[in-house]
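Visitor: Mind having a look at this structure? Questions to follow.
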Amino acid sequence: MSKLAAIIVTLVALGGTIRANPSFEQVYASAPPPPAASNLWFEVGEQVIYNIYWGVIHVGTSHVTTDWVTYEDGRTLLSIRFESRSNKAIAMIYPVEDVQHTLIDPESFLPVVSYKKSRQGRRRYNEITRFDHEAGKAYWESVEKEKKLTVDIESDTRDLISLMYLTRSRELEVGSEETMRVFTSEKIYDLFLKVPRKEPVKLKHYGEVESLLIDPEAAFDGLFVRKGKVYLWISDDDRRLCTKIDAEVPVARVHIEIDRVLGPGDDFWVKAGDESPEAENRNRGRSSFRR
């Protein structure tokens with residue numbers, strides 16, 4: 001069940017734009033790698049850029065970034081941030097901005113705090129969840145709903161982002177099925193995964209990449225697609241990157257695929273990514289609406 005969760009966290013929210021309102025998300029200073037960094041199965045500093053299509057129309061991009069940051073209690077934590085936005089043409093009629101951000105303890109790989117800030121159509125989300133695994137509690141709060149909840153959690157309960165990156169450390173096999181528990185949308189839910197087959201995924205800058213097809217079902221709405229069926233493909237290599245996602249939503253088919261992989265390393269993914277000046281420019285110009 002390795003690459004499974006790369007599933008949920010790469011689809012893009014198709015909705016409205018974020019307007020000025022109070023935000024839980026904090027700005028954290030970068031930090032040097034802690035000793036636990038040597039135990040990780042991916043390079044911190046990795047950046048993955050996805051293109052998003054509505055049918056055949058390019059509607060936006062999604063950026064996934066990782067970094068070491070200093071938390072408010074002085075600890076060095078792993079920051080994983082997903083940020084999606086519509087392109088300029090689409091933004092004029094259907095703007096989209098969505099941020100999902102989790103800070104993770106590198107030793108246990110358990111989430112410490114997660115943020116969600118987005119607007120999807122008429123729905124707005126501005127939420128924070130703090131995890132206390134020692135006490136067995138998750139403390140969730142919403143600005144929009146003016147609501148707070150305390151939820152009982154298990155010793156290994158994770159949010160979607162920390163779960164996604166944890167599963168990159170594991171092998172997937174054709175024919176395997178997995179059931180997982182995840183905290184999202186104020187509750188703990190079951191996530192079911194099937195791996196029916198392996199097939200190549202053709203990418204613009206990488207050619208055909210052998211990938212495992214994942215057929216997920218869940219008892220909750222996805223991070224970015226509220227309703228519909230989702231399929232995703234995970235690269236069958238050491239990176240275990242989500243190469244493509246197809247989502248059938250009520251009004252269209254959403255298609256997402258890797259554009260570039262940037263950051264440390266000199267493997268197939270980064271070497272091809274370094275060849276694109278426009279990808280670097282897109283990355284430097286990505287939006288940020290932290291407060």
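Visitor: Determine, for His58, His63, His101, the number of other Cβ atoms within 10 Å of each Cβ, and report the residues in order from fewest to most. Write out the running numbers ahead of the final one.
Guide: Values: His58 14, His63 19, His101 22.
In order of increasing Cβ crowding within 10 Å: His58, His63, His101.
Visitor: Starting from the stretch 38-81, pick out the GluC sites (Glu not before Pro) whose DSSP state is loop and whose Cβ has at most 12 other Cβ atoms within 10 Å.
Guide: Details: sites: Glu43, Glu46, Glu72; in loops: Glu43, Glu46, Glu72.
Hits after loop and neighbour filter: Glu72.
Visitor: At a Förster radius of 25 Å, what calculated FRET efficiency corresponds to the Cβ-Cβ distance of Asp73 and Glu144, to the nearest 0.05? Intermediate results must be reported in sequence, preceding the final value.
Guide: Working: r = 27 Å, r/R0 = 1.08.
E between Asp73 and Glu144, to the nearest 0.05, is 0.40.
Visitor: Around Asp190, with a cut-off of 10 angstrom between Cβ atoms, what is the net charge of the other residues, counting Lys and Arg +1 and Asp and Glu -1?
Guide: Once all neighbours under 10 Å are counted, the net charge is 0.
Visitor: Moving on to the next point. Which of Lys194, Lys244, Lys271 has the fewest other C-beta atoms within 10 Å, and how do the rest follow up to the most? All intermediate terms of the calculation are to be shown ahead of the outcome.
Guide: Values: Lys194 14, Lys244 21, Lys271 11.
Going from least to most buried by this count: Lys271, Lys194, Lys244.
Visitor: Let me ask another. With a 10 Å radius around each residue's Cβ, average the other Cβ atoms per peptide and rank 145-158, 172-185, 253-266, highest first. Could the numbers behind the result be given before it?
Guide: Details: 145-158: 13.8, 172-185: 15.5, 253-266: 19.5.
With the highest mean Cβ count within 10 Å placed first, the list reads 253-266, 172-185, 145-158.
Visitor: Moving on to the next point. Please arrange Phe192, Phe131 by how many other C-beta atoms lie within 10 Å of their C-beta, fewest to most. Mind dumping the intermediate values first?
Guide: Values: Phe192 14, Phe131 27.
Taking fewest neighbouring Cβ atoms as first place, the list is Phe192, Phe131.
Laboratory data are not the source of any read-out in this text; all were calculated from the coordinates shown. Quick caveat, the model's predicted, so the values are computed rather than measured. Glycine gets a Cβ as well: all are built from the backbone with ideal geometry, and neighbour counts include every protein chain shown.
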